[in-house]
């Protein structure tokens, strides 16, 4: 099944974005994650996150949303063997005794799929919009094992980017402030939609239409049994 990805964008001055900057609070969440200190795109960083964004004046926040109704309607046709993701394999590497339910498998697959698409699209936008940098969702999963955990240099430093969360922003606050959207979590069921939040930082105000047109046509593909 091919599920359309709904895109919403909102451009704000950097000062408004920083209303959601809660570095100490967000860092406590990051410290509970297996990627902490083991992934070059995740804390703990060797640089100041505020200084990293200092050159930029505007943030175009990009919200992606995928309705999960069709997934739930065809739940019995999903095959976990066709929903592999590095998010999932990395989690099981750190937690080998854990057994993931289908909801978690689907969620991890969907998040990684959208994350990878957004990371590529933001890099493409950087070539179209001068003096810009993209902030994709989640952590980098280009490598099966990040070289940071091995004490080696990053293999892809030219495309290494950081998420809003990694830089210290409380994304739930951004959802609420800019899109009037409350994140709803369910332990036993899929959420009504999969959401992710990215940003494109720029030195000058840019045309939101350029960004929307670049992201047009994104889909989440989920293979079904026998397809």
Residue selected from the range 131-144 under the condition touching a residue at least 40 places away in the same chain (Cβ under 8 Å) and in a loop (DSSP other than H, G, I, E, B), by the criterion nearest to the chain's Cα centre (by Cα): 137
Unmet requirement for residue 51, which otherwise passes all of (1) modelled with pLDDT of 90 or more; (2) surrounded by 12 or more Cβ atoms within 10 Å (Cβ to Cβ); (3) in a helix (DSSP H, G or I): (2)
Selected residue (only one of 157, 136, 153 is within 30 Å of residue 72 (Cβ to Cβ) and either out of contact with any strand residue (DSSP E or B) (no Cβ under 8 Å at 6 or more places or on another chain) or surrounded by 18 or more Cβ atoms within 10 Å (Cβ to Cβ) (or both)): 136
Conditions (1) modelled with pLDDT under 95; (2) surrounded by 14 or more Cβ atoms within 10 Å (Cβ to Cβ); (3) in a helix (DSSP H, G or I); number of the one not met by residue 76: (2)
Number of positions in the range 179-218 that are outside any helix (DSSP H, G or I), at pLDDT 90 or above and either surrounded by 14 or more Cβ atoms within 10 Å (Cβ to Cβ) or at positive phi (or both): 15
Test: residue 120 is part of a loop (DSSP other than H, G, I, E, B) and either free of Cβ contacts under 8 Å to residues at least 40 places away in the same chain or surrounded by fewer than 21 Cβ atoms within 10 Å (Cβ to Cβ) (or both): no
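Within the range 16-44, can you find the residues that are part of a loop (DSSP other than H, G, I, E, B) and either under 17 Å from the mean Cα position of the chain (by Cα) or within 25 Å of residue 179 (Cβ to Cβ) (or both)?
Residues satisfying the conditions are 22, 33, 34, 35, 36, 39, 40, 41, 42, 43.
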Subset of the range 1-15 [in contact with a helix residue (DSSP H, G or I) (Cβ under 8 Å, 6 or more places away or on another chain) and closer than 20 Å to residue 132 by Cβ]: 7, 8, 9, 10, 11, 12, 14
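Working carefully through the options 176, 148, find the one that is over 15 Å from the mean Cα position of the chain (by Cα), surrounded by 13 or more Cβ atoms within 10 Å (Cβ to Cβ) and without any contact (Cβ under 8 Å) to a residue 12 or more places away in the chain.
Numbers: 148 fails: without any contact (Cβ under 8 Å) to a residue 12 or more places away in the chain.
Criteria check complete, one pass: 176.
The values are calculated or read from the model by the stated rules, or taken from the named source; none is laboratory data. Only a predicted model underlies this, so the values are computations on that prediction, with no experimental measurement involved. All Cβ positions, even for glycine, are placed from backbone atoms using ideal geometry, and neighbour counts span all protein chains on display.
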